[in-house]
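Data block below; observations after.
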Amino acid sequence: MTTLELREVVKEYRLRSGLRHSTLRAVDDVSFTLEPGRTTALVGQSGSGKSTVAKLLLRLERPTSGRILLDGKNLPERGTAGRAYRGAVQMVFQDPFASLNPYHTVAHHLARPVTLHHPGLGRTAVLDRVHELLARVRLDPVEEFAQRRPHELSGGQRQRVAIARALAPAPGILIADEPVSMLDVSIRLGVLNLLSELQREEQLGVLYITHDLATARHFSDEILVMYRGSVVERGPADDVILDPQHEYTKLLRAAAPDPERRLRELAGP
């Protein structure tokens with residue numbers, strides 16, 4: 001069981017325009033914990049700091065201040081411990097078209113992280129693991145999908161391969177940054193249901209980054225609302241969506257599509 005914690009994390013960027021220098025605080029004193037078997041949704045408009053938080057958790061960026069702890073330990077950036085961190089915390093990127101190399105097969109994409117994080121496995125064991133991962137994300141027949149290249153897959157199938165790749169090191173934490181926003185509406189639900197199933201069965205701690213309040217409510221246990229780098233509201237998913245307290249959360253809820261309300265308006269009194 002793995003936990004990942006942010007403690008009072010701040011991320012600032014130095015900006016320069018001609019002779020002028022300024023500081024942009026993209027993340028401002030953010031604290032939360034990702035726990036096994038629970039999904040936390042991070043909600044906010046573009047520019048609110050959501051993706052910066054993801055980069056910090058993946059150690060693509062270093063915090064200006066604060067701490068990021070895996071199972072209570074602040075791991076070093078490099079060496080064996082750094083590799084252990086990268087194996088424990090994995091990412092599903094927003095764009096399945098850009099996150100896979102078009103020149104390589106699906107088997108290649110999955111075999112590389114398997115061999116990197118499990119160096120003792122032989123060739124047959126690696127291939128068995130590749131087939132197991134494809135079956136886990138519902139891509140059957142696994143032998144056929146393993147030999148395909150990304151351009152031979154649909155958008156939804158590419159994202160399932162990306163999820164399988166994230167599962168290859170056997171992580172405890174999964175960060176999903178807008179994982180269905182680039183997909184057709186008709187297949188989004190299937191991918192979200194898969195992530196929800198994996199979260200329960202693998203006891204993953206999931207950070208679901210989104211601007212979609214409806215999916216945040218139905219696929220997460222807790223919601224954090226970000227505005228200008230700060231978490232302005234947090235709580236159980238139903239409470240935050242159905243009874244928002246912060247003015248920004250109320251604006252987000254008012255701007256979200258509500259088909260049932262529209263039907264009531266059309267029906268009249």
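Laboratory data are not the source of any read-out in this text; all were calculated from the coordinates shown. All values derive from a computational prediction rather than experimental measurement. Neighbour counts run over all protein chains shown; Cβ positions are idealised from the backbone, glycine included.
At a glance:
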| read-out | value |
| --- | --- |
| Spacing of the two label points (7 Å from each Cα toward its C-beta) at Asp29 and Ser51, in nm | 2.7 |
| Potential lengthening between Asp243 and Ala125 on full extension [0.36 nm per residue; Cα-Cα distance subtracted] | 37.4 nm |
| Normalised contact order of region 4-261, rounded percent, pairs of Cα under 8 Å and 6 or more residues apart | 27 |
| Sequence of Ser220, Ser51 once ranked by neighbouring C-beta atoms within 10 Å, starting from the fewest | Ser51, Ser220 |
| Calculated FRET efficiency for the pair Asn101/Glu197, C-beta based, R₀ 22 Å, to 0.05 | 0.20 |
| Where only C-alpha atoms are counted, convex hull volume of region 115-269 per residue in Å³ | 156 |
| Charged-residue dipole, Cβ positions (Lys, Arg, Asp, Glu), region 4-261 about Cα centre, Debye nearest 20 | 1160 |
| Phi-based couplings in Hz for region 203-215 (Karplus 6.51, -1.76, 1.60; Gly and Pro marked x) | 6, 7, x, 10, 9, 9, 9, 7, 10, 8, 5, 5, 5 |
| Whole-angstrom Cα spans of the chain along principal axes, big to small | 61, 55, 42 |
| Cβ-derived FRET efficiency at R0 35 Å, Ser17 paired with Glu144, nearest 0.05 | 0.05 |
